[in-house]
Amino acid sequence: MNTEKQFTVAENLVVMVEPNKKHQFLMTTNEVAKGYGVSGGAIRKHKIEHQEELIEGKHFIIVENTKMNGAGVGATKSNSDRESATYKQTLWTKRGIVRLGFFIKSERAKLFRDWAEDLVIVIADQSEKAEQLSIWPEPEKRKHNRLTRDRLVELLADVAKVEDKALRLSIVDKLINNH
């Protein structure tokens, strides 16, 4: 993951999230495990035990990673050549992170579920607001009405035609003194 962003779940819990156009964000198994306060193995075990509920493409995706240091713990090596080894890695979608929370019960898991749920709602709200804004045309820029000298002379000539002396003087005063 090369465009990771750091999110603070709680005072002593920070996780890395990768923004993603299709799934909004993705997290590695180890980051999800850190969030839930369990091992990466526990997350992989839940993935196997609940395979009827955890659907590839919806709750997680599998990616190939050719960098040794980016493969993560638990990735499976498909080539014995260490220089060009290819690893498969599970990345969890926001839906998958929330769904995993159904199976993991602890105070920390509750905290992480709340964070994931809030993040999902915030992103959905921002997306909805952006969509709503896109249907409204941009407001027309206001044309500032600057009173030029020539325009002032024209207005004063028209004001001179006003028969009511008090009204005429009031308008002249407002035009000249910018009230």
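The values are calculated or read from the model by the stated rules, or taken from the named source; none is laboratory data. The shown structure was predicted, so the numbers you read here are calculated from the model rather than taken from an experiment. Virtual Cβ from ideal backbone geometry, glycine too; neighbours counted across all protein chains shown. Each accessible area value is taken on the protein alone, full model and side chains, heavy atoms only, with ligands, DNA and RNA left out. Shrake-Rupley method; radii C 1.70, N 1.55, O 1.52, S 1.80 Å.
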| task | Could you tell me whether any residue of segment 74-82 is of a type outside the set (Val, Ile, Thr), modelled with pLDDT of 85 or more and either assigned to a strand (DSSP E or B) or within 25 Å of the chain's Cα centre (by Cα) (or both)? | result | no
| query | Given the conditions (1) at pLDDT 85 or above; (2) open to solvent by less than 70 Å² (accessible area, probe 1.4 Å); (3) part of a loop (DSSP other than H, G, I, E, B); (4) touching a strand residue (DSSP E or B) at 6+ places or on another chain (Cβ under 9 Å), which single one is not true for THR90? | reply | (3)
| task | Only one of these is of a type outside the set (Gly, Ala, Ser), touching a Gly at 6+ places or on another chain (Cβ under 7 Å) and either at pLDDT 80 or above or open to solvent by 70 Å² or more (accessible area, probe 1.4 Å) (or both): ARG99, ARG95, ARG108. Name it. | result | ARG108
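Show me the strands (runs of 3 or more DSSP E) entirely contained within segment 5-66 in which 1 or more residues are closer than 11 Å to LEU100 by Cα and more than 16 Å from the chain's Cα centre (by Cα).
Numbers: elements: 5-10, 13-20, 24-28, 60-65.
Passing ranges, in order: 60-65.
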